[in-house]
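Input: a single structure, listed below in structure tokens.
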Amino acid sequence: MTVTDVIDRVSFMDFEPATASFRDDVLAGLSHPIRRIPCKYLYDAAGAALFERICELPEYYPTRTELAMLQRLGPEIAALAGPEAQVVEFGTGDGRKSRLLLNALDRPASYVSIDISRDQLIREAAALALDMPQIEVMAVCGDYTQQTLSLPTVGRRRVGFFPGSTIGNLTPVAATAFLARCANMLPGGAMLVGVDIPKDIAVVEAAYNDSAGVTAAFSLNLLARINRELGGTFDLSGFRHYAYFNEDQSKIEIFLISQREQRAAVAGRFFHFRAGERIHIEDSYKLAPATFQNMARAAGFEPAQVWVDPDGLFSLHWLLAPL
Ligand SMILES: C[S@@+](CC[C@H](N)C(=O)[O-])C[C@H]1O[C@@H](n2cnc3c(N)ncnc32)[C@H](O)[C@@H]1O
């Protein structure tokens with residue numbers, strides 16, 4: 001299917017960050033004393049495909065746990081959302097959870113899918129529009145932490161959807177600011193958020209250090225992307241993926257660690273790396289239900305239902321947005 005066919009069925013808004021923003025963020029991040037690259041750049045087409053594989057890994061409990069919860073809680077969530085809702089999803093990914101939710105709801109009127117990963121966004125929105133022709137589908141490519149969207153209201157009540165514990169990739173301050181923007185976008189509506197819970201460190205560390213090495217490939221793809229898009233000269237074999245649980249801050253921290261003294265060019269600038277030097281590429285905060293509810297309250301939501309799976313691994317939160 002071509003993009004033109006897709007646009008016939010799906011309205012598409014393109015705010016994809018320009019290559020210049022990627023370049024500026026990488027150059028600034030590598031010039032910083034504590035080297036870091038924002039995790040949103042992990043999701044080019046190759047990264048999105050690798051993340052789909054991560055979701056299938058035996059060690060990666062969040063996806064299967066949240067899918068099972070959505071399946072089981074479908075009728076209850078449908079009753080809370082009411083008929084003819086407009087669902088606005090942040091960070092859709094492969095769209096499996098979107099389909100579960102939309103199938104459970106009572107005649108959803110429209111669906112807005114927001115993601116930074118352009119190819120996957122268009123492909124999944126098009127497939128969903130074909131499979132659910134009764135729903136009006138809009139795809140928005142952009143950074144949901146930057147974009148203030150004024151969306152046409154199609155449906156009775158707007159329901160935000162933010163699964164995958166993607167909220168945990170934001171610092172608590174940034175997560176609260178993001179939720180406050182969501183509350184403004186959903187006046188009188190609600191938001192369903194999936195949040196990973198603190199647990200046995202071995203379980204959580206294994207989820208980010210899988211034995212098949214898919215998470216490592218996902219991390220290293222960031223350097224491959226820099227090589228592809230920014231004229232980078234990173235030798236991928238000179239870096240390794242490292243993820244550990246920072247107990248004090250209740251977060252997984254992910255780094256790429258230089259395996260030797262080396263240098264690499266990015267967009268014509270050279271960077272020197274000492275052996276053992278780290279580039280921070282992702283955090284994944286694990287938040288107890290009460291901690292997340294406090295964050296949602298600070299953002300202007302009224303926390304309502306909270307569900308936890310029987311093994312206490314993952315939580316789903318129903319938040320009410322003020323009028
Ligand atoms: C952890 S994955 C979760 C995917 C899916 N929601 C799930 O639960 O399996 C994060 C998703 O959010 C998207 N994403 C990450 N940061 C983003 C940002 N700042 N703006 C828009 N999309 C973003 C990624 O492209 C990816 O699809």
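Considering the stretch 14-54, and only residues there that are open to solvent by 50 Å² or more (accessible area, probe 1.4 Å) and of a type in the set (S, T, N, Q), the residue that is modelled with the lowest pLDDT turns out to be 19. Please verify whether residue 93 is out of contact with any helix residue (DSSP H, G or I) (no Cβ under 6 Å at 6 or more places or on another chain), open to solvent by less than 30 Å² (accessible area, probe 1.4 Å) and within 13 Å of the ligand (Cβ to nearest atom), treating the condition exactly as stated. Criteria met by residue 93. What do you reckon, is residue 129 surrounded by fewer than 22 Cβ atoms within 10 Å (Cβ to Cβ), under 24 Å from residue 15 (Cβ atoms) and more than 16 Å from the ligand (Cβ to nearest atom)? Here the answer is yes, as residue 129 does meet what is asked.
Looking across the stretch 31-46 at every residue that is part of a helix (DSSP H, G or I), under 23 Å from residue 174 (Cα atoms) and out of contact with any strand residue (DSSP E or B) (no Cβ under 6 Å at 6 or more places or on another chain), the one that is farthest from the ligand (Cβ to nearest atom) is identified as 31.
From the list 163, 108, pick out the single residue that is near the ligand (Cβ under 9 Å from one of its atoms), crowded, with 21+ Cβ neighbours inside 10 Å and modelled with pLDDT of 95 or more.
Working: 108 fails: near the ligand (Cβ under 9 Å from one of its atoms).
One residue alone meets the criteria, 163.
Contact list please: Cβ distance under 7 Å, first residue in the stretch 175-193 and closer than 16 Å to residue 157 by Cβ and among the small types (Gly, Ala, Ser), second residue assigned to a helix (DSSP H, G or I) and open to solvent by 10 Å² or more (accessible area, probe 1.4 Å), pairs at least six apart or on different chains. Note: pairs meeting the criteria are 190/80.
For (1) assigned by TED's automatic domain parsing to the domain that holds residue 170; (2) more than 21 Å from residue 165 (Cα to Cα); (3) open to solvent by 20 Å² or more (accessible area, probe 1.4 Å), each residue gets a yes or a no:
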| site | (1), (2), (3) |
| --- | --- |
| 215 | no, no, no |
| 225 | no, yes, yes |
| 236 | no, yes, yes |
| 247 | no, no, yes |
| 252 | no, no, no |
| 256 | no, yes, no |
| 265 | no, yes, no |
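Taking the stretch 113-164 as the range and being within 18 Å of residue 42 (Cα to Cα) and among the hydroxyl-bearing types (Ser, Thr, Tyr) as the test, the residues that pass are 117, 144, 145.
The values are calculated or read from the model by the stated rules, or taken from the named source; none is laboratory data. Just so it is clear, the model here is predicted, and its values are computed rather than measured. For neighbour counting, all protein chains shown are included, and Cβ atoms are generated from backbone atoms with ideal geometry for every residue, glycine included. Just so you know, the surface numbers come from the protein's heavy atoms only, side chains and all, with ligands and any DNA or RNA stripped out. Shrake-Rupley method; radii C 1.70, N 1.55, O 1.52, S 1.80 Å.
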